Amino acid sequence: MSTATLAHDHDHEHHGPPRGLTRWLFSTNHKDIGTMYLVFALVMLFLGGASAMLIRAELFMPGLQLLEPDLYNNLVTNHALLMIFGAVMPAAAGLANWMIPLMIGAPDMALPRMNNLSFWILPAAALMLILSFVVPFFPGGGTQINTGWTLYPPLSLQVGMSMDFLIFAIHLLGISSVLASINIIVTIFNMRAPGMKLMEMPIFVWTWLVTAFLLILVVPVLAGGVTMLLFDRHFGTSFFNAAGGGDPVLFQHLFWFFGHPEVYILILPSFGVLASIIPTFSRKPLFGYKSLVGAMIAIMVIGMVVWAHHQYTVGMSLGAVSYFMVGTIIISIPVGLMVFNYMATMWKGAMTFETPMLFAVGILLMFSFGGLTGIMLAVVPADMQYQDSMFVVAHFHYVLLPGAVFGLFAGVFYWLPKWTGHMYDEKLAKIFFWVNVISFNITFFPQHFIGLAGMPRRIADYNMMFTEFNAVSSIGAFVFGLSHLLLLYIVIKTVRGGKQADDRVWEGAKGLEWELSSPPPFHSWTTAPQLAK
Amino acid sequence: MTMTETMTPEQRRKNVLLAWILAGLALFMLLSSVPFWKGLVHMLALSGQ
């Protein structure tokens, strides 16, 4: 990673930010756009969280209490899409917008106007997404989207007009993601400070380079798939309609060719955050830089050719399922390598446990647990038993919450003092960490057992024998959901004031971003930094 | 002064060129997905018989 001896004066800012609404509507400044991404993601996190709490309220007891089965499944669909496309991806894009130019010594993103467009497509897409949930409640609105986020035909061909809103929302979200990815790749390739080689970039930048390529390669395939779905619904084609000679399984392949790499799209930026945090609070250089870069590229390549482990039960040949099983298990090698590199970075380090580091250690433990249940699910005969059970729900929440969401929280706590110029309240942040992590485990750990005992997912009712564990899980979920109000409070409190943060906020922090003032000037790196060799 | 105003024409040309190449890659993935996946699924189905 590059460090800099700087001939960069902090106060050569040419002018301050524009004032009023136009600052945000027409912004081409990477910091403002990064902030908008993060605020948008926070709003979506609360909407997606509200739908999750309704789901858990329904599952608190057996029988139907609050939700009709179709509405329950509509909420399941809505929760997944809001969290994946509305919260996690935009939050990661917010970190990328804020940090990549600061880390590589660039004055801004390479295509600032396109950056503005990438963001402002999102609210329109979110509106479409929310409408897809709301429309069935109006007269003539048709049936609810009860397909889950996978949108499998033939069910998705039979859903009412809300599915069309959802398809357009996915198109818009895809356009936004691809434009943002193009911008990130161009920025990384063309805008690095003179002398900064690719193999000298911070790992966070590398994770985003790999993520952006993944997005460009797989999002258009999803766009193709949902476009075919739209054509089947309205223009008389039969891509997925067996009665017309089509094949519904084709959609599953198209969807999971996007859907599986999407897991890495969500996780890799958070793992990049860990690569910044762990060396800082271990006061040691990152262990195995080159192997981390290699592991990420391996994850990208292998992650794109193992998609069908999500559909073992559709009746593929023995050769095909064997290939997908072996490929899936092989992925655990580069993923495990990343985890071991982070552990080796901590080994014999002078560690301290500020909130970002607490999250980092928690992530390694909980994500590894999710990875182990992933290996169980990768094994074909075992998966035949586990599939479509609550065990799968527990597994992917152990992967995605620590692997993606907690990593983003860690990043926010790590860089919030740099962004705002104020230290956050460490005591409150630690309380948030413990409540968040404990309630997360109370929510999802019991779901492994009820899943193994046979409770199916995506069904609003369940057998009496699952009552106790579901009640525990729901109580955990309510605490988990409400704990995010504390996060909101801490962030607002930090933005509004607090102890002045140093330029180098953390004693062990290294990298170009720490050479700038806290908060950084509105236009930073207008003079390229001179890198120390 | 915005970033777009301070960028040299050569830098801007390089950025836009790379952006178009990447957009072309995305378009290729979109357009090739339909025949490619139809063929692959057909092949997988046949191999299972």
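Side notes on the structure shown:
- The condition of being more than 29 Å from A:Phe396 (Cβ to Cβ) and touching a Phe, Trp or Tyr at 6+ places or on another chain (Cβ under 8 Å) holds for only one of A:Pro139, A:Pro107, A:Pro112, A:Pro153, that being A:Pro107.
- Test: A:Arg283 is away from every other protein chain (no Cβ under 14 Å), touching an Asp or Glu at 6+ places or on another chain (Cβ under 8 Å) and over 30 Å from A:Leu157 (Cβ atoms): yes
- Some residue of segment A:472-495 being over 23 Å from A:Gly148 (Cα atoms), within 14 Å of chain B (Cβ to nearest Cβ) and not in a strand (DSSP E or B): no
- Subset of segment A:130-172 that is under 30 Å from B:Leu18 (Cβ atoms) and more than 14 Å from chain B (Cβ to nearest Cβ) - its residue that is surrounded by the most Cβ atoms within 10 Å (Cβ to Cβ): A:Ala169
- Inside segment A:100-113, residues that are over 19 Å from A:Leu214 (Cβ atoms) and in a helix (DSSP H, G or I) make up a count of 6.
- Residue match in segment A:230-238 (condition: in contact with a Ser or Thr (Cβ under 9 Å, 6 or more places away or on another chain), among the aromatic types (Phe, Trp, Tyr), within 9 Å of chain B (Cβ to nearest Cβ) and within 16 Å of B:Leu30 (Cβ to Cβ)): no
- Being within 14 Å of chain B (Cβ to nearest Cβ), crowded, with 18+ Cβ neighbours inside 10 Å, more than 21 Å from A:Gly407 (Cβ to Cβ) and modelled with pLDDT of 95 or more is a property that A:Val249 lacks.
- Residue in segment A:29-46 that is part of a helix (DSSP H, G or I) and among the small types (Gly, Ala, Ser) present: yes
- One residue alone among A:Ser524, A:Ser518 is within 14 Å of another protein chain (Cβ to nearest Cβ), buried (at least 19 other Cβ atoms within 10 Å of the Cβ), assigned to a loop (DSSP other than H, G, I, E, B) and not aromatic (Phe, Trp, Tyr), and that residue is A:Ser524.
- Options A:Thr345, A:Thr313, A:Thr328; residue that is within 30 Å of A:Trp415 (Cα to Cα), of a type in the set (Ser, Thr, Tyr) and either free of Cβ contacts under 8 Å to residues at least 60 places away in the same chain or part of a helix (DSSP H, G or I) (or both): A:Thr345
- Residues that are assigned to a helix (DSSP H, G or I) and more than 14 Å from chain B (Cβ to nearest Cβ) within segment A:174-199 comprise A:Leu198, A:Met199, listed in sequence order.
- Selection within segment A:187-233 - under 27 Å from A:Leu172 (Cβ atoms) and either of a type in the set (Asp, Glu) or free of Cβ contacts under 8 Å to residues at least 24 places away in the same chain (or both): A:Phe189, A:Phe231, A:Asp232
- The set of residues in segment A:348-359 being aromatic (Phe, Trp, Tyr) and either assigned to a loop (DSSP other than H, G, I, E, B) or without any contact (Cβ under 8 Å) to a residue 40 or more places away in the chain (or both) consists of A:Phe353 alone.
- Just so you know, in segment A:7-37 the residues that are in contact with a Ser or Thr (Cβ under 7 Å, 6 or more places away or on another chain) and buried (at least 16 other Cβ atoms within 10 Å of the Cβ) include one that is modelled with the lowest pLDDT, and it is A:His8.
- Candidates A:Ser317, A:Ser322, A:Ser332, A:Ser276, filtered to the one that is closer than 24 Å to A:Met103 by Cβ and of a type in the set (Ser, Thr, Tyr): A:Ser276
- Residue satisfying condition, being surrounded by fewer than 15 Cβ atoms within 10 Å (Cβ to Cβ) and aliphatic (A, V, I, L, M), within set A:Ile442, A:Ile459, A:Ile490: A:Ile459
- Look at segment A:371-383: where a residue is in contact (Cβ under 8 Å) with a residue 40 or more places away in the chain and exposed (fewer than 14 other Cβ atoms within 10 Å of the Cβ), no partner that is part of a helix (DSSP H, G or I) and of a type in the set (Phe, Trp, Tyr) sits 6+ places away or on another chain with Cβ atoms under 6 Å.
- Exclusive hit being under 30 Å from A:Thr352 (Cβ atoms) and of a type in the set (A, V, I, L, M, F, W, C), set A:Leu254, A:Leu266, A:Leu250: A:Leu266
- First in segment A:46-59 and in contact (Cβ under 8 Å) with a residue 12 or more places away in the chain, second anywhere and surrounded by fewer than 20 Cβ atoms within 10 Å (Cβ to Cβ) and polar (S, T, N, Q), Cβ under 9 Å, 6 or more apart: A:Ala57/A:Gln65; A:Glu58/A:Gln65
- Qualifying residue in segment A:248-257 (condition: in contact with a Lys or Arg (Cβ under 9 Å, 6 or more places away or on another chain) and either within 30 Å of A:Gly362 (Cα to Cα) or assigned to a helix (DSSP H, G or I) (or both)): yes
- Residue in segment A:48-58 that is at pLDDT 95 or above and within 16 Å of the chain's Cα centre (by Cα) present: yes
- When segment A:288-310 is limited to residues that are not in a helix (DSSP H, G or I) and not small (Gly, Ala, Ser), the one that is surrounded by the fewest Cβ atoms within 10 Å (Cβ to Cβ) turns out to be A:Val305.
- Neighbours by Cβ (under 6 Å, 6+ apart or cross-chain): first from segment A:507-533, within 28 Å of A:Gly497 (Cβ to Cβ); second modelled with pLDDT of 90 or more and among the basic types (Lys, Arg): A:Gly508/A:Arg283; A:Trp514/A:Arg504; A:Ser518/A:Lys418
- Some residue of segment A:410-428 being among the β-branched types (Val, Ile, Thr) and under 18 Å from A:Ala87 (Cα atoms): yes
The values are calculated or read from the model by the stated rules, or taken from the named source; none is laboratory data. Computed from a predicted structure; not experimentally measured. Every residue, glycine as well, gets a Cβ built from its backbone with ideal geometry; the counts of neighbours run over all protein chains shown.
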